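Here the structure is laid out as structure tokens; the discussion comes afterwards.
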Amino acid sequence: MKTKMQVDVITIFPRMFEGIIQESILKRAQQKNIVKISIHNLRDFALNKHSIVDDYSYGGGAGMVLKPEPIFRAVEKIVGSAKAKRRVRIILLTPQGETFDQDKAKELSREEHLLFICGHYEGVDERVKENLITDEVSIGDYVLTGGELPAMVIIDSLVRLLPGVLNKRESFENDSFYQGLLDYPHYTRPRRFRGKSVPALLLSGNHSRIRKWRRQKSLENTLKKKPDLLEKIELSAEDQKVLEELRRKRK
Ligand code: ADE
């Protein structure tokens, strides 16, 4: 069966990916041929015999910069061998990129071929940014030691969106963010735990009332924790009424 998505990663720490891609849902997605994840060691593309991939910054100053040749060579090998020259999104992970979010995860999950380049040190030679990459992405306004963890975060978040990866029980339809709102509260057995009970409505079997309660709780959670999300989505008249009531109560 043809693999639906190809994910390549260029990194100087390939072993960091071993656990992540060989466990749980990423492992299952690969076994089902929904995605193929290939990790490439940047040092294998260095032209010198010591496999050096970084150098001093022209103009001086502290910090090393990833050299352009090994990255260009690695990308050319990977993209050059891409079947029928399908479009490849080439994503550089740096703290300066656009901030990753669920919309970006959805957008990337529709692509056939993604190639992640993990930045390091002071960064990568500007000619890589200017000539190779299609996207520069950050996972948040903090600085990590490299782009490996961000690449793993992004791969994890988009692979679970690929059709057939999650089963019905794990489905993402009700994810926090998926519909632009935060999730509602969940409970499981036992009904009573350390004196605290599950809301009776959830045990009532009345599915339309449960649906309504969950929507209300999602709105309440979003209003409390991430109110800016409410500006971005279309709300029904019923939703607006719930929010008005919640805002009135808070005053
Ligand atoms: N490299 C270092 N910090 C990073 C971040 N926050 N996002 C993406 N890549 C990074």
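Some points to look at:
- Net length available on complete extension from Glu238 to Glu122 is 36.7 nm, with 0.36 nm assigned per residue and the Cα-Cα distance removed.
- Nearest 10 degrees, 0 to 90: helix 68-80 Cα axis against the chain principal axis: 70 degrees
- For the chain, the relative contact order comes to 18 percent (Cα pairs under 8 Å, sequence separation of at least 6).
- Gaussian network model of the chain, Cα within-10 Å springs - most flexible of Tyr121, Tyr187, Tyr58: Tyr187
- Coupling constants for the stretch 234-251 follow from the phi torsions by the Karplus curve (6.51 cos²θ - 1.76 cosθ + 1.60, θ = phi - 60°), and in residue order they are 8, 10, 6, 4, 4, 4, 4, 5, 4, 5, 4, 4, 5, 5, 4, 5, 6, 6 Hz; glycine and proline get x.
- Using R0 = 45 Å, the C-beta based FRET efficiency linking Leu230 and Lys168 works out to 0.95.
- Beta bridges assigned by DSSP with both partners in the stretch 82-226 are antiparallel in approximately 25 percent of cases.
- Accessible area per residue, Å², the stretch 198-241 with all protein chains present, probe 1.4 Å: 70 Å²
- For Lys249, the shell of other residues with beta-carbons less than 12 Å away shows a net charge of +2, using +1 for Lys and Arg and -1 for Asp and Glu.
- Cross-link pairs Lys129/Lys232; Lys217/Lys249; Lys168/Lys241; Lys4/Lys77 - those with Cα-Cα distance over 22 Å: Lys129/Lys232; Lys168/Lys241
- Cα gyration tensor category, rounded, prolate or oblate, for the stretch 30-112 with a/c compared to 1.5: oblate
- Local electrostatic count, Leu26, Cβ distance below 12 Å [Lys/Arg +1, Asp/Glu -1]: +2
- Beta bridges assigned by DSSP with both partners in the chain are antiparallel in approximately 20 percent of cases.
- Neighbour net charge for Asp141 - beta-carbon separation under 14 angstrom, K R +1, D E -1: -2
- Cα centroid of the stretch 187-229 to Cα centroid of the stretch 21-93, whole Å: 45 Å
- For the stretch 1-129, the dipole from Cβ point charges (+1 on Lys and Arg, -1 on Asp and Glu) about the Cα centre works out to 840 debye, to the nearest 20.
- Most mobile listed residue (Ser24, Ser57, Ser197) in the chain, GNM with C-alpha springs under 10 Å: Ser197
- Estimated FRET transfer efficiency when R0 is 25 angstrom, pair Lys196-Asp141 (beta carbons, to 0.05): 0.10
- Summed over the residues of the stretch 1-144 and divided among them, the accessible surface reaches 56 Å² per residue at a probe radius of 1.4 Å.
- Computed over the chain with a Gaussian network model linking Cα atoms closer than 10 Å, the most mobile of Val65, Val75, Val159 is Val65.
- Shape of the stretch 187-227, Cα gyration tensor, a/c cut at 1.5: oblate
- Taken about its Cα centre, the chain carries a charge dipole of roughly 1980 debye when the Cβ of each Lys and Arg holds +1 and the Cβ of each Asp and Glu holds -1.
- Percent carbon-and-sulfur accessible area, the chain, ignoring ligands, DNA and RNA, probe 1.4 Å: 50 percent
- The sum of -39500 (n - 2.57) across all DSSP H runs of n ≥ 4, divided by the residue count of the chain, sets its helix-only mean residue ellipticity at 222 nm to -10000 deg cm²/dmol.
The values are calculated or read from the model by the stated rules, or taken from the named source; none is laboratory data. Being a predicted model, the structure only gives us computed values, none of them experimental. Positions of Cβ are backbone-derived with ideal geometry, glycine not excepted, and every protein chain shown enters the neighbour counts. When the accessible area is computed, the model is the full protein with side chains, heavy atoms only, and any ligands, DNA or RNA have been set aside. Shrake-Rupley method; radii C 1.70, N 1.55, O 1.52, S 1.80 Å.
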